[in-house]
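Report on the following structure.
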Amino acid sequence: KKLTWVKCPVDKLDGIPGYGVLTLRSDTASAFKKFYAELKKMGGVVTSSGGRRRLSQKSSASRSKKSMHYTGRAFDLALYSGMQNPEKDPFIITRDENNSRKWKVWCRTANPFVAQVHLNGVYVKRGKTKSGKTRTELHTKSVVCRAIDFTGLAEKYGFYPISARRSFMSGGKYAGAEWWHFQWEDGLVQGKTSFGEDLLKIYAKAEAQKFQYWDEVKNIKFGEGWA
């Protein structure tokens, strides 16, 4: 029996490009709804730049052929709802102390029962190299506000962040920041679960074989080339 696709309502905020619904596969959607309900009780929001990625959509410099968006396990927060202005953004992005290419996401809230925190929010600006080429520069701004540990709460329900692309960390395009990406990793066994096996939980084999990267990625194991 195959899993199904489920539409999950999320928050579309004024002035920020994004969607008001998020499509995930049914087991992931079930976990997401529990996470979302607890976050909302605390006064938080989930913006969206999408969840499900159709098999007809091609990969790119910022889109992996093995993305969990294809298997219906991942969602992206709206790309411009954080890392723009830490004093106003719905999400404040800080550096992960244990990984130089990972972020910690905090969700701003007006809930008086959520403690105030002092955060060094990371934000981006467009700069120039000595040769005149455009580059992305990272800056930090200190802010004090009531904020929910979005990353910590997401991990409680099995959703984990991924690393920024190396190109972004060296001045590359903003699309490589990846602070917005969270993926549900429950049920994936390191070194055993393959990308193809997981894709077949939602697609019939005939459909999966039409995926243009099928032969290239179907046997790649979780934790061994597929993260």
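The values are calculated or read from the model by the stated rules, or taken from the named source; none is laboratory data. Everything numeric in this text was worked out from a predicted model, so none of it was measured. Glycine gets a Cβ as well: all are built from the backbone with ideal geometry, and neighbour counts include every protein chain shown. Just the protein is used for accessible areas: all its heavy atoms, side chains included, with ligands, DNA and RNA removed. Shrake-Rupley method; radii C 1.70, N 1.55, O 1.52, S 1.80 Å.
Quick one: would you say ARG73 is open to solvent by 60 Å² or more (accessible area, probe 1.4 Å) and at negative phi? So ARG73 fails the test.
Against the list (1) under 19 Å from the mean Cα position of the chain (by Cα); (2) exposed (fewer than 10 other Cβ atoms within 10 Å of the Cβ), the condition THR129 fails is (1).
Just one of the numbered conditions (1) outside any helix (DSSP H, G or I); (2) touching an Asp or Glu at 6+ places or on another chain (Cβ under 9 Å) is not true of ARG53: (2).
The listed residues are ALA147, ALA154, and the only one of them that is open to solvent by less than 50 Å² (accessible area, probe 1.4 Å), of a type in the set (Gly, Ala, Ser), modelled with pLDDT of 95 or more and over 17 Å from the mean Cα position of the chain (by Cα) turns out to be ALA147.
THR71 satisfies every condition listed in (1) farther than 22 Å from VAL144 by Cα; (2) touching a Leu at 6+ places or on another chain (Cβ under 7 Å); (3) in a strand (DSSP E or B); (4) of a type outside the set (A, V, I, L, M, F, W, C) except (3).
Residues in the stretch 177-210 that are closer than 30 Å to CYS107 by Cα and not in a loop (DSSP other than H, G, I, E, B): HIS181, PHE182, GLN183, TRP184. Among residues of the stretch 118-134 that are over 20 Å from TRP103 (Cβ atoms), none has a Cβ under 9 angstrom from a residue that is open to solvent by less than 90 Å² (accessible area, probe 1.4 Å) and at pLDDT 95 or above at a sequence gap of 6+ or on a separate chain.
Elements of the type strands (runs of 3 or more DSSP E) sitting completely within the stretch 74-132 and holding at least 1 residues that are modelled with pLDDT under 95 and out of contact with any strand residue (DSSP E or B) (no Cβ under 9 Å at 6 or more places or on another chain): these cover 99-108.
Would you say ASP186 is surrounded by fewer than 13 Cβ atoms within 10 Å (Cβ to Cβ), closer than 23 Å to MET42 by Cβ and in contact (Cβ under 8 Å) with a residue 24 or more places away in the chain?
yes
Kindly indicate which of ASN111, ASN85, ASN98 is over 16 Å from the mean Cα position of the chain (by Cα), surrounded by fewer than 17 Cβ atoms within 10 Å (Cβ to Cβ) and touching a residue at least 60 places away in the same chain (Cβ under 8 Å).
Working: ASN85 fails: touching a residue at least 60 places away in the same chain (Cβ under 8 Å); ASN98 fails: touching a residue at least 60 places away in the same chain (Cβ under 8 Å).
Going through ASN111, ASN85, ASN98 in turn, the sole match is ASN111.
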